[in-house]
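Asks: Here it is, the structure, as structure tokens.
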Amino acid sequence: MLDALRKLLQSAAATPTAAPAQSSAIPADDVRVAACALLIELANVDGDFSDAEQAQIRWILERHF
């Protein structure tokens, strides 16, 4: 599952965002929102969304996007 997400993020980062009518690629904004939501959900699994987890998610998103 993580490999599939990694491939999705890499393909979105390599593909310029185009209007949906012009391209079948996933818009970069959609990928960013989905990645952020997934990371937040994973961090919340144990019921504790610590400052360290929040900082790690910010770092990951800044690094990739």
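Asks: Quickly work out the D29-to-H64 label distance, labels modelled 7 Å from Cα along the C-beta direction, and quote it in nm with one decimal.
Replies: Here the answer is 1.9 nm between the modelled labels.
Asks: Output ³J(HN,Hα) for segment 40-51: one whole-Hz value per residue in order, computed from phi by the Karplus curve 6.51 cos²θ - 1.76 cosθ + 1.60 with θ = phi - 60°, and x for Gly and Pro.
Replies: 5, 4, 5, 5, 8, 4, 8, x, 10, 9, 6, 4
Asks: To the nearest 0.05, what FRET efficiency results for D46 and A4 with a Förster distance of 22 Å applied to their C-beta separation?
Replies: It comes to 0.40.
Asks: Per-residue accessible area for R6 at 1.4 Å probe radius, Å² rounded to 10?
Replies: Rounded to the nearest 10, that gives 120 Å².
Asks: Another question, if that's okay. From the phi of every residue in segment 54-61, what ³J(HN,Hα) in whole Hz does the Karplus formula 6.51 cos²θ - 1.76 cosθ + 1.60 yield, where θ is phi - 60° and glycine or proline is x?
Replies: 3J(HN,Hα) across segment 54-61, in whole Hz: 4, 5, 5, 5, 4, 4, 4, 5.
The values are calculated or read from the model by the stated rules, or taken from the named source; none is laboratory data. A quick note: this is a predicted structure, and the numbers were derived from the prediction, not measured. Virtual Cβ from ideal backbone geometry, glycine too; neighbours counted across all protein chains shown. Surface areas here come from the heavy atoms of the whole protein model, side chains and all, with no ligands, DNA or RNA. Shrake-Rupley method; radii C 1.70, N 1.55, O 1.52, S 1.80 Å.
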